[in-house]
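A.B. asks: Once you've had a glance at the structure underneath, I'll fire off some questions.
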Amino acid sequence: MDDNDTTSQSSYEGSTTPPPLAGHPPALTRMATVGNIPQGTKAPFDIVQTYHRLLREDPDLTMPVAAIEALIELLVQSRAVTVFETLDLVKTQSDYLKSRIPNSISLSAGTDLFQRYMISSLKPSSTGNFDSVRQHLLSNGRLFVSRAKAGRERIANYGRNFVRDGSVVLTHGGSRVVGALLSKAAEASASGGNVRFNVIYVMNDARSHESKSVVSALRAKGVPVAIIPEGAVGYAMGKVNLVIVGAEGVVENGGIISRLGTYQIALLAKAAGKPFYVAAESHKFVRLYPLGQYDLGIDQEVIKFETEDEEETSHNDVEAKFTDSTPRVLERMDYFGDVKPNSAVDAVDFTPPALVSALITESGVLTPSAVSEELISVWY
Amino acid sequence: MSSSEATPVESPKPVEAPPKQSQPDAAPKLSGAEIKKQKAAEKAARRAQAAKEKQGGAPAPPLASPAPAQKGDGPKAQKSQQKRRGSMSTPKDIPIRSQKGIVVIPEEPKKEDKTVEFFRHLYKPRMKGLAGAGKDAHPAVLALGIQMSNYSICGSSARLVATLQAFKRVIESYTTPPGNTLTRHLTSHVLSPQIEYIASCRPISISMGNAIRWLKLEISKVDIDTPEADAKKALCEGIDVFIRERVTFADQVIANSAAEKIRDGDVILTYAKSSIVQHALVKAHEDGKKFGVIVVDSRPLHEGKHLAAALAGLGIEVKYCLTNGLSHNIQDATKVFLGAHAMMSNGRLFSRAGTALVAMEANDNDKPVLVLCETIKFTERVALDSIVHNEIAPPDELVITGGALEAWRDIPHLQLCNPMYDVTPAEYIQMIVTESGNVPPTSVPVLHRLGNESQG
C-alpha cells in the first residue's frame, strides 16, 4: 500500500484520476491510490467523455446503463492486474464520474450496482487466474447491459395491462419506459385488441422538444393525446383514470426521484384518489434514502431569492452567481467547482412512497415497500 | 314493574326459608338488576336447601322458575327504559341500594382496587429488594435485579448488556453436577431461575428476550463431549462477541449513519433519553456539524435531563422542555430522532410512553421522524395498541412528595396509571436507522428474518 501511495502521488499528471483532496469525502483520498489509468498510444481514457459519448450514440440508453457500459470500457482498457487494483480503479472512476455529472442519482444506481456485482464475482478465491476472472467479468457485464435494455420490453408487457379500454392516462416527461409502455398498449389495439385509450400529456415548456417527440410518437400510433400545461394538472385530474410516470431513480423506501413536477402530480393524483404508477427498470434502484425534497444529495438551483440589484450583478458575473446563491449542500462542490448545479430545467424532485400506488419493473409489479426488500436482498 | 313482579315470588319465601326473612322488607324497593342478583343467590340457596331436605325443598323450584319467565316476556327495550327512568326519577333508590349492599354483604367494605381496568392484566408485583429472592439467584443477578428495579440500569440496550454480562458470571461460576451434562442442566436448572428473578424485578425487554433466546440456543448447541471448562469458555466468548456485534458495533454503525443525516443548521428534536441517539448526536458534533438539539422530556423518569446535560456539556446548543412544550418547539425542529425499546413486525415502534405523541406532532408538522434501533430490538410480534403488551410501572412514581396526590390511595375512585411504553404507528416513521442500513418501517420483518438467519 505504501508503495502504491508514493507512486500514485506523482502520476496524477497524465491520469484522469482525481487528485486526493483534503477533508472529505475521505473515500476519494483513500481510493485515489492507483494511477493505472490506461495511458496508451491514443488520448487517455476519460470516463466522463465515454459516458457522454455512449449517451449520445444511443438515445435509448438510460443513465445507469451508460455508466455501467462506461465502466466496462474502462475495464477493457485498464491494465490492472489484481483484483484489488480493479476494484480500486472502478471505485475511483465511479466517484470521479459521479462528481462530474450535476445529477448523479440515476447514474450512481448503475455504478453502485456494477461495483456490487464486481465485489461478489471477484471473490478472493477466484484470484488464481486474474485474466479469466476479468474476461468473465467483462462478458457478464455485457450480458447485464443487454438484459437491462431488454428490461424495458418486459416492463411494457407488464404495464400494458394497467391501461384498460376507454381509460385516460396522464403522463409527463420523456421517459422511454413510459413511451414503450404506452406504445405497447396502443399496439395491442392495432392488432385486434380493443384497448382504446387517451393520453393527457403534461407539457413542460422548458423541454418542449422532448415533449413534442413523445406526443407525436403516440399520435402516430393512433392514440389521441391532449397536451396540457403543468398548471392544468389539477383541473384535468378529474378526467384521468391513472397516472403513469417514469423515474430517474427509485430510492430505498420505494419513493422515486423524477423530473421536477412529478411530486405535484402525485399529490394531485392522491388527492383525487387516482392510482399513480411508476415504470422503472430495477437497475434504477438507488441506495439513497431521502427524507424530503432537500435531502437528495445533489445541489439544485430551483429556489432562488433575488432582489433587483442582485440580479444585475449576477447577470454580469456568472461565477459570482454560483457562489452567492443558497448555501451548498454538497461537499463535492468544493472540489469540482466547474460542475454546475441542476437548474430548474434539469431539476428533479422526490415523490414519497405513500403517493406511489405501485412500481412496474421488469421483475414484476412491486409495492413501494417491496423495493426496500429487493434492495436488502441485493445488498446483504 | 320489575319490583312488583318480584313480590309474589318473594312473599311465599319467608314461609319456606326462614333465614332470609330480612329481605322482603328491602325487596319491593330494589331495582331490576339487584333483584336479578338477589334471586340468583336465593335460587342457589334454595337449591342447596332442596338438596339437604329432599322433601321440603320440592316446591321451591316451581316457584323460582316463573319469575325469570315473567321477566323475559316484557320487551327488553321498554324494560330497560323503565329501569333507567325508575332509578333517575326516584332518588330514594340510591341510598337504599347502598344500604342493602351493606345488609346483604356483611363483610366490611372491600379495599378499592387501585389498578386501572384497561391495564389490569399488566400489573405485576415488582420485587424491590433481596427479600423473596430465590436461593438460586446468583449474586451478580441479584445486584442486577435491584439495579433494574430502581432504574439505575435503564434503557433497553444497557439492560441487555448488563444481563448478558451477569449471565456470563453465572456461567463462569457454574459447575455441572455429577451425572449431568452442561447442555441439559445449565439452561433449565441454573439460567431459568436467574431469568425468572430478573423478570420479577422488571419485565424482560424485547431485546433481552431475543438475547436470552440466542443464549439458550448456544447452550443447546454445545456438544455433550466438550469438556466443561472449554464449553464455558466458548459460551463466555460467544456472549462477548454477541455484545460486540449486536450492540457495541451496531451502535457505532447506527451513530455514524444517523450523524450523516444531520446537516449544518439542523435542529434535532428527541424525546427522553436514548443512548443511541446520544451517540449519534455526539458523533455529529465530533464531525464538526453545527446543529441544535431540543430535548423533550416527561415525568416521572425525567431521563431527558441527563441527555440535555450531557450534550450541553459538549457545547451543543440544547433546549429542554417537557411534553407540554412539544407542539410549540416542534416548529423549530428540522428532524426528529427517536430511540426504541422494540420494533414490531408491523413496523410500529414500541418505545417510552410519550414517543407516539412526539411522532404524531412531528408528522403533523411535516418533520421527518428517524428511529435509531439495533436489529436485536426487532421482534416478530406485532402491536396494535399499547394495552395488550406494556409494562406498568409502580403508580407511586407519579406522586410528588408533598403534592396533592400524596394520599391518592385514600381518595375513592382515583386510580393512577403509569405505563412505561406506547406504540407509535408506522405511518409516522420515515426511516429506521439500523446497523444493516436505513430501512422503511415496512422492512422490519425482512431485517428481523435476516438477523435471525445469521444467528441460527
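A.B. asks: Keeping the other protein chains in place, figure out the carbon and sulfur percent of the accessible area of the stretch B:262-455, with a 1.4 Å probe.
C.D. replies: In the stretch B:262-455, the share of accessible area belonging to carbon and sulfur is 53 percent.
A.B. asks: Looking only at other chains, what is the average number of their beta-carbon atoms within 10 angstrom of each beta-carbon in A:252-262?
C.D. replies: 2
A.B. asks: Follow-up. Just to confirm, what accessible area per residue do you get for the stretch A:184-274 at 1.4 Å probe, in whole Å²?
C.D. replies: 44 Å²
A.B. asks: Indicate the residues belonging to the stretch B:244-273 that lose 30 Å² or more of solvent-accessible heavy-atom surface (probe 1.4 Å) upon moving from the chain alone to the assembly of all protein chains, ignoring ligands and nucleic acids.
C.D. replies: B:Lys261, B:Arg263
A.B. asks: Hey, if you put +1 on the Cβ of every Lys and Arg and -1 on every Asp and Glu Cβ in the stretch B:139-249, which of B:Leu144, B:Gly179, B:Cys154 ends up farthest toward the positive end of that dipole?
C.D. replies: Highest projection toward the positive end goes to B:Cys154.
A.B. asks: Chains A and B: buried accessible surface, both sides, probe 1.4 Å, rounded to 100 Å²?
C.D. replies: Rounded to the nearest hundred, the buried surface is 1300 Å².
A.B. asks: Report the accessible area of B:His189, computed with a 1.4 Å probe over the heavy atoms of all protein chains in place, in Å² rounded to the nearest 10.
C.D. replies: Rounded to the nearest 10, the figure is 110 Å².
A.B. asks: Order of A:51-60, A:175-184 by packing, highest average Cβ count within 10 Å first?
C.D. replies: The densest-packed peptide leads the list: A:175-184, A:51-60.
A.B. asks: Have a look at the stretch B:139-249 and give its Rg and Dmax from the Cα atoms, expressed in angstrom.
C.D. replies: 13.7, 42
A.B. asks: Let me ask another. How much accessible surface does A:Thr307 have with a 1.4 Å probe, in Å² rounded to 10?
C.D. replies: About 70 Å², ignoring ligands and nucleic acids.
A.B. asks: How crowded by other chains is A:290-297, given as the mean number of beta carbons from other chains within 10 Å of each beta carbon?
C.D. replies: 3
A.B. asks: Moving on to the next point. Expressed as a whole percentage, what fraction of the accessible surface of the stretch B:139-249 belongs to carbon and sulfur atoms when a 1.4 Å probe is rolled over the protein heavy atoms?
C.D. replies: 56 percent
A.B. asks: With the calculation restricted to Cα positions, what are the radius of gyration and Dmax of the stretch A:153-294 in angstrom?
C.D. replies: 14.6, 48
A.B. asks: While we're looking at this one, here's another question. In peptide A:370-378, what is the residue-averaged number of other protein chain Cβ atoms found within 10 Å of each Cβ?
C.D. replies: Partner Cβ neighbours, averaged per residue: 4.
A.B. asks: Tell me the carbon and sulfur percent of the accessible area for the stretch A:261-304, rounded to whole percent, probe radius 1.4 Å.
C.D. replies: With neighbouring chains kept in place, the figure for the stretch A:261-304 is 52 percent.
A.B. asks: When N is the residue count of the stretch B:262-455, what does its C-alpha Rg come to as a fraction of 2.2 N^0.38 Å?
C.D. replies: Relative to the rule-of-thumb radius for its length, the stretch B:262-455 sits at 1.08.
A.B. asks: So what is the accessible area of the stretch B:262-455 per residue, in Å², with the probe set to 1.4 Å?
C.D. replies: On a per-residue basis, the stretch B:262-455 sits at 40 Å².
A.B. asks: Could you do me a favour and compute the accessible area per residue for the stretch B:139-249, 1.4 Å probe, result in Å²?
C.D. replies: Here the residues of the stretch B:139-249 average 44 Å² of exposed surface.
A.B. asks: Mind checking the dipole of the stretch B:262-455: about its Cα centre, +1 per Lys or Arg Cβ, -1 per Asp or Glu Cβ, Debye to the nearest 20?
C.D. replies: About 260 debye.
The values are calculated or read from the model by the stated rules, or taken from the named source; none is laboratory data. Because the structure is a prediction, the values reported are computed rather than measured. Backbone-built Cβ (ideal geometry, glycine too); neighbour counts: all protein chains shown. What goes into the accessible areas is simple: the full protein's heavy atoms, side chains included, and nothing from ligands, DNA or RNA. Shrake-Rupley method; radii C 1.70, N 1.55, O 1.52, S 1.80 Å.
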